[in-house]
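The values are calculated or read from the model by the stated rules, or taken from the named source; none is laboratory data. All values reported here derive from a predicted model rather than from experimental measurement. Positions of Cβ are generated from backbone atoms using ideal geometry, with glycine treated the same way; all protein chains shown enter the neighbour counts. Heads up: the accessible areas ignore ligands, DNA and RNA and are worked out on the full protein's heavy atoms, side chains in. Shrake-Rupley method; radii C 1.70, N 1.55, O 1.52, S 1.80 Å.
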Amino acid sequence: MDSYTTPVLSISHITKTYKGGKTAVKDLSLIILPGDIYGFIGANGAGKTTTLKSVVGILNFEAGKILIDGLDIQKQPLECKKILAYIPDNPDLFDQLTGLQYLNFIADVFSLSENDRNDRISKYAMDFSLTEALSNLISSYSHGMKQKLAIIGALIHQPKLFVLDEPFVGLDPESTYRFKEIMKEFVSNGSAIFFSTHVLDTAEKLCNKVAIIKNGSLVASGLMNELTNGESLESRFLEVVNG
């Protein structure tokens, strides 16, 4: 199997139980390939965020295996984190830094060259109309501006896997449109995106694949057009979770 056909993300039978006995994710398996924009949907408390945090190495899990481009997130966490990016539903940034200082810090973490960081910061700041604000302290940013900065910070090292938890919350319509276009460009180069969302219309139009989780268990997954089969994703979702 060559590198291009190796799954960017392989989740095999993972189970995560919190202290107190609550099992948040039960025997979950998913395969995400290069070029996939994979939507992950479910009700509040279904296990989406727990799954995403397990994928990126924030949470440990007691059963199963997660591979990032063939690397084990539990055995090779540093190597995995070099090739992925994660944006939580409420990014926690360094308010005492300017936007540019924050992005240069991220670029330093990933050892980006001066040319690469400058080119990418300039490009993405322009895409998200954030160029002028980069000299300001992050503490002065609105929620939407912080979301844009977090997205730019996640993109500048060109990750193989992009993991996002409710990425469109706080973005204005123009930035939402531009981000969707960037996501399409991103996966056209062989990377993949795995993201949770409650905005089902957006997921239906953007994703080629989707998975539905209910009470920690996967209840449906596959190609978007096959899963919906002529129905809207919203209708199909309600059928599955209420069935």
In segment 193-227, residue most open to solvent (accessible area, probe 1.4 Å) [restricted to those that are at positive phi and either modelled with pLDDT under 90 or outside any strand (DSSP E or B) (or both)]: ASN215
Residue satisfying all of: in segment 120-160; exposed (fewer than 15 other Cβ atoms within 10 Å of the Cβ) and charged (D, E, K, R); nearest to GLY35 (Cα to Cα) among these: LYS123
Residue within segment 147-164 that is out of contact with any Pro (no Cβ under 7 Å at 6 or more places or on another chain) and closer than 23 Å to PHE237 by Cα present: yes
Residues located in segment 35-83, provided they are open to solvent by less than 40 Å² (accessible area, probe 1.4 Å) and either part of a helix (DSSP H, G or I) or aromatic (Phe, Trp, Tyr) (or both): TYR38, PHE40, LYS48, THR50, THR51, LEU52, SER54, VAL55, PHE61, CYS80
Residues that are assigned to a loop (DSSP other than H, G, I, E, B) and farther than 13 Å from GLY216 by Cβ, drawn from segment 4-34: TYR4, THR5, THR6, PRO7, VAL8, LYS19, GLY20, LEU33, PRO34
Residues located in segment 94-107, provided they are over 14 Å from GLN158 (Cα atoms) and in a helix (DSSP H, G or I): GLY99, LEU100, GLN101, TYR102, ASN104, PHE105
Flag for VAL8 being open to solvent by less than 10 Å² (accessible area, probe 1.4 Å), within 29 Å of GLU185 (Cβ to Cβ) and of a type in the set (Val, Ile, Thr): yes
The listed residue being surrounded by 14 or more Cβ atoms within 10 Å (Cβ to Cβ) and part of a loop (DSSP other than H, G, I, E, B), out of GLY190, GLY170, GLY230: GLY170
Any hit, segment 174-192, residues being under 23 Å from ILE11 (Cβ atoms) and charged (D, E, K, R): no
Filter pass, ASP95 being loosely packed, with under 14 Cβ neighbours inside 10 Å, more than 29 Å from VAL199 (Cα to Cα) and not aromatic (Phe, Trp, Tyr): no
Which listed residue is in contact with a helix residue (DSSP H, G or I) (Cβ under 6 Å, 6 or more places away or on another chain), open to solvent by 10 Å² or more (accessible area, probe 1.4 Å) and under 20 Å from ILE83 (Cα atoms), from ARG178, ARG117: ARG117
